[in-house]
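Worksheet: one structure, shown below.
Derivation of every value follows stated rules applied to the coordinates shown; laboratory data play no part. All figures in this text were calculated on a predicted structure; none of them were measured in a lab. Every residue, glycine as well, gets a Cβ built from its backbone with ideal geometry; the counts of neighbours run over all protein chains shown.
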Ligand code: NDP
């Protein structure tokens, strides 16, 4: 029998770890799957999806810059995709419809609560940034009843827009980085792309409460600028977004195949570089 076919579509996508991650998952269940990375040129996303479906594809992951287009393309959506306004997981239904889901926020929450052992309930949470990544993770974070969530962004109006959109789902406020002076947080999540350029948002140095977690959604071969900064300014646990990457993949695997892979051995293997 032919293996079930999956892929990740994005641009750039050549260095994606998703094929490796999903092959590890499939091995756990002895599933026969094929998972490839497909580089999609600007304007070519809908055709690429159609082509993949025509070739017998079962499901897709979608990464930058196509998460919004995937959202628009889906025939029906999960609640968490509707909330996020973006889709990172597509499933081709037997009746021909295209189902859109978003597993990024669930993946982040899973990493924080299960892998790092930090419960969000009752915590003061600060989220830095107000782009697609932050909008995508806010719903699942609020579902776990933090005491409150502050969204801080360089462009304050964008933080306000997101806070307003989620006001019905919990205690959410917005501000600029300056207004964080004198405030303390138990969980600080960096959802800006500043780390890409080795930069750290202009934050007050007294941000971290005792025992705080500093979480950068970015990941790479070495600690990010935000992680270095957090260590220096008193965060107790400091981590990158590799766990989130593997957890969102596991959740996508569940959406496609109804079983949730073990993530710990895959995260460890990626960190050791032994996969
Ligand atoms: P966007 O381009 O939509 O948003 C970028 C955000 O970063 C904006 O809020 C922007 O502020 C802010 N920003 C950029 N540079 C700086 C700076 N020098 N100082 C302060 N703020 C800055 O990006 P996304 O939301 O799509 O992605 C954000 C990050 O999340 C990326 O690094 C991405 O890799 C990561 N990510 C990780 C995932 C994982 O699985 N681990 C999943 C999804 C995303 P402003 O509005 O003022 O311009």
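Among the residues of segment 115-132, the ones that are under 16 Å from residue 172 (Cβ atoms), outside any strand (DSSP E or B) and in contact with a helix residue (DSSP H, G or I) (Cβ under 7 Å, 6 or more places away or on another chain) come to 2 in all.
Of the candidates 141, 151, the single residue that is outside any helix (DSSP H, G or I), surrounded by 22 or more Cβ atoms within 10 Å (Cβ to Cβ) and within 16 Å of the ligand (Cβ to nearest atom) is 151. Do we find a residue being more than 15 Å from the ligand (Cβ to nearest atom) and buried (at least 24 other Cβ atoms within 10 Å of the Cβ) anywhere in segment 187-198? Yes: segment 187-198 contains one or more residues that are more than 15 Å from the ligand (Cβ to nearest atom) and buried (at least 24 other Cβ atoms within 10 Å of the Cβ).
Only one entry of 49, 8, 13 meets the criterion of being under 17 Å from residue 68 (Cα atoms), buried (at least 20 other Cβ atoms within 10 Å of the Cβ) and touching a helix residue (DSSP H, G or I) at 6+ places or on another chain (Cβ under 6 Å), and that entry is 8. For the residues 172, 156, the requirement of being free of Cβ contacts under 8 Å to residues at least 60 places away in the same chain, surrounded by 15 or more Cβ atoms within 10 Å (Cβ to Cβ) and within 12 Å of the ligand (Cβ to nearest atom) singles out 156. The number of residues in segment 100-119 being more than 14 Å from the ligand (Cβ to nearest atom) and buried (at least 21 other Cβ atoms within 10 Å of the Cβ) comes to 2.
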